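Just below is one structure, and these are the notes that go with it.
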């Protein structure tokens, strides 16, 4: 199991609520067949992939989303 520190993730959004919103939206996209934007094995859970994409700056909330 991989561990991602919260600090780099929280630097990408304004608050924890937005992080959860962004990650959950991305997990739904990945579950529905969207391609991964980061290197990950087939066994890597969608939630881990989504958080890694956020940490690497591959995805972000649109302005005004989550408010």
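The numbers here are math on the coordinates, done by the rules we state, and not lab data. Every value quoted in this text rests on a predicted model; they were computed, and no experiment measured them.
A few notes on this one:
- Extended-chain gain in nm, criterion 0.36 nm per residue less alpha-carbon gap, residue 20 and residue 45: 7.4 nm
- Tilt relative to the chain, helix 16-31 - C-alpha long axis, 0 to 90 degrees, to 10: 30
- Taking the square roots of five times each eigenvalue of the Cα gyration tensor of the range 6-55, the equivalent ellipsoid has semi-axes of 19, 12, 8 Å, listed largest first.
- The chain: relative contact order as a whole-number percent, Cα under 8 Å and 6+ apart: 43
- Segment residue 34-residue 60, length gained on full extension (0.36 nm per residue, minus Cα span): 7.8 nm
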